[in-house]
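Participant: One structure is given below, represented as C-alpha cells, and several questions about it will come after.
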Amino acid sequence: MKTIGEVLKEKNLQLDTDNPVLKGGFTQVPNFILKDPNISVGAKVAYAMFLSYAWHNDSCFPGQDRLAEDMGMSRSRVTEFVGELQRTGLVTIERRGQGKTNIYTVHFQVKQGVDKTSRSRRADI
C-alpha cells in the first residue's frame with residue numbers, strides 16, 4: 001500500500017479548483033490531541049504544523065524559525081511548545097547539529113510515564 005506522499009508524488013491526484021483555500025490543502029489532527037486539556041493550544045498548533053509538513057513532504061524537519069513564521073509566533077514560544085510536545089511523548093527530536101535542522105518524529109500514541117501532567121491515550125487511527 002502506498003503512502004499519501006507517494007501518491008501525491010505520482011501526480012495522479014489533482015484538485016480542480018481555483019479556490020486558494022482548497023489548493024493549500026488540509027491537515028487532520030487526531031481528536032485525542034484536540035481534546036486533551038493537558039496540552040496547550042500552542043503545542044496543539046505546533047503538532048498540527050508538524051503533521052502538515054510531514055504529509056506534504058514525506059518527512060518533517062522544519063527549522064524553528066520556519067515554524068515560528070508559519071505559526072505567527074516568536075521563536076522562543078515555538079521552542080517552548082515543541083519542548084512540551086517532546087515532554088509529553090508526542091514528538092521525538094533528533095538533533096543533527098552543525099547548523100542543520102532537527103528531525104522531528106511525530107507520534108500518534110502518547111508514551112506512558114513521560115510526563116505526569118499528561119494523560120496517556122492511544123489514537124483511534
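The values are calculated or read from the model by the stated rules, or taken from the named source; none is laboratory data. Keep in mind it's a predicted model, so treat the numbers as computed, not measured. So basically every Cβ, Gly included, is an ideal-geometry build from the backbone, and we count neighbours across all protein chains shown. Side chains are part of the model used for accessible areas, which takes the heavy atoms of the whole protein and leaves out ligands, DNA and RNA. Shrake-Rupley method; radii C 1.70, N 1.55, O 1.52, S 1.80 Å.
Participant: I need the full set of residues from the range 1-20 which are in a helix (DSSP H, G or I) and modelled with pLDDT of 70 or more, in order please.
Facilitator: Correct list: Pro20 only.
Participant: If you scan the range 21-36, which residues turn out to be at pLDDT below 80 and either outside any loop (DSSP other than H, G, I, E, B) or in contact with a Phe, Trp or Tyr (Cβ under 7 Å, 6 or more places away or on another chain) (or both)?
Facilitator: Val21, Leu22, Lys23, listed by residue number.
Participant: Quick one: how many residues across the range 52-86 are modelled with pLDDT of 85 or more, touching a Gly at 6+ places or on another chain (Cβ under 8 Å) and not in a helix (DSSP H, G or I)?
Facilitator: 1
Participant: List the pairs whose first member sits in the range 19-38 and is farther than 21 Å from Leu85 by Cβ, whose second member is among the hydrophobic types (A, V, I, L, M, F, W, C), and whose Cβ atoms are under 7 Å apart, counting only residues at least 6 apart or on separate chains?
Facilitator: Leu22/Leu15; Lys23/Leu15
Participant: If you take the residues of the range 87-104 that are assigned to a loop (DSSP other than H, G, I, E, B) and polar (S, T, N, Q), which of them is farthest from Ala46 (Cα to Cα)?
Facilitator: Ranking the qualifying residues of the range 87-104, first place goes to Gln98.
Participant: Looking at (1) open to solvent by 30 Å² or more (accessible area, probe 1.4 Å); (2) under 13 Å from Val45 (Cβ atoms), which is the only condition Val78 fails?
Facilitator: (1)
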